[in-house]
Amino acid sequence: TIIGLGCVLWLITLAISIWFVMRYAKKVKADKGSTILSLQEQETMNAEFGGAEKDTEEAEANPNKKMLTGRQKGVLAVFAVTFVIMIIGFIPWEDLGVDAFNAGAQYEEVVAPVDATEIEGAWADATDGAELMIDGSVTGESVAEEQVSQGWSAFLCGLPLGQWYFDEASTWFLLMTFVIGIVGGLSESRFVKAFINGAADMMSVVLIIALARSITVLMGTTGLDMWILTNAANALEGMSAIIFAPLSFLLYVLLSFLIPSSSGMATVSMPIMGPLAAGLGFSPDVMIMIYSAGNGLVNLFTPTSGAIMGGLAIARIEYSTWLKFGSKLFVILGVVCIVVLTVAMVLIPYTGPAPTMG
């Protein structure tokens with residue numbers, strides 16, 4: 001159900017977005033003065049990227065002329081390998097039964113004493129909550145295998161491929177930055193200058209994301225996020241699907257500003273909103289799509305989105321210009337999401353037992 005609904009919503013919103021962008025592109029192609037970019041932004045973009053258009057014209061005029069040197073081809077190859085290895089690093093190979101990247105890891109048996117309480121707890125975990133009563137004087141030993149050294153691929157960033165996360169990925173990118181500089185034949189001064197200029201483009205984005213993270217931490221520490229969510233859930237109780245779905249979507253739009261992390265949002269909200277929907281006879285699958293759509297819509301324009309702010313910084317486009325360009329699209333996408341998800345909430349009932357709210 002959730003996959004089919006997700007595909008329908010994705011196809012509809014994708015078609016609308018493509019139509020919106022192509023409509024604007026045709027408008028600017030017919031009249032360059034109709035661009036939404038300011039004069040300063042146009043001058044900055046011409047200074048940064050104007051050479052690419054000139055190179056393209058030269059390539060079309062001289063098709064036999066080689067545009068890439070050997071070093072440049074080498075840089076592109078290293079760049080491609082960097083991303084391939086990064087992707088491999090994020091795939092949980094051991095969970096898929098592939099141990100090739102962790103080959104050579106060494107393990108040793110660790111024996112630890114356990115008391116009656118720990119034995120009872122282990123039994124409950126292994127038997128889904130079954131009780132085991134043991135005399136308090138009973139003790140024992142647990143034997144477990146503990147990894148004492150990593151597999152061969154850990155030499156890259158400290159952990160084997162398949163166990164990477166943000167720390168390992170950032171370390172890998174930093175390492176390959178130096179490799180690309182060497183392959184490209186950059187001098188020390190040119191490399192440092194390019195590195196600083198590249199980092200400078202992202203500093204504003206980093207500061208915005210750091211401030212946004214502080215808001216999230218503050219809300220989590222004070223319990224404000226749970227207070228907002230719990231009161232909103234109580235207000236939604238007893239409503240029909242036609243009202244429940246749009247208001248739930250708007251609730252997730254609001255919460256997505258306060259909790260930018262999609263995983264954090266799911267952790268906080270789903271134990272409350274999922275059982276609430278099921279208790280009212282609505283499908284929790286549709287509620288998951290409401291959360292996903294609301295959070296995804298906000299991530300198209302929120303200043304806490306690293307992808308949006310980073311892309312705008314690289315393209316030399318002001319955030320206000322992006323909002324001016326996309327505001328109509330964001331509203332249209334929001335309305336479409338509400339309509340589709342409301343229809344789904346009405347047509348897809350929940351047939352399972354009503355769970356208790358977490």
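We did not get these values from a lab; they are worked out from the coordinates using the rules stated. Just so it is clear, the model here is predicted, and its values are computed rather than measured. Here Cβ is always computed from backbone atoms with ideal geometry, including for glycine, and neighbour counts include all displayed protein chains.
Tabulated data
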read-out	value
Radius of gyration, Dmax [region 106-149; alpha carbons; angstrom]	12.8, 38
Estimated [θ] at 222 nm from DSSP helical runs (n ≥ 4, -39500 (n - 2.57)) normalised by residues in the chain, nearest 500	-23000 deg cm²/dmol
Area projected by the alpha carbon convex hull of the chain, averaged over all directions, nm²	26.8 nm²
Whole-number percent relative contact order across the chain, with pairs defined as alpha carbons under 8 Å at least 6 apart	19 percent
Contour minus Cα-Cα distance for Phe330 and Phe20 (0.36 nm per residue)	110.5 nm
Phi to ³J(HN,Hα) by Karplus 6.51 cos²θ - 1.76 cosθ + 1.60 over region 34-40, Hz, x for Gly, Pro	8, 4, 7, 6, 6, 4, 5
The chain: most fluctuating residue of Tyr319, Tyr252, Tyr107 per GNM, C-alpha cutoff 10 Å	Tyr107
Interchain or long-range residues, amide H under 5 Å from Phe282's placed H	Tyr350
Relative packing of peptides 336-346, 143-153, 286-296 - highest average C-beta neighbours within 10 Å first	286-296, 336-346, 143-153
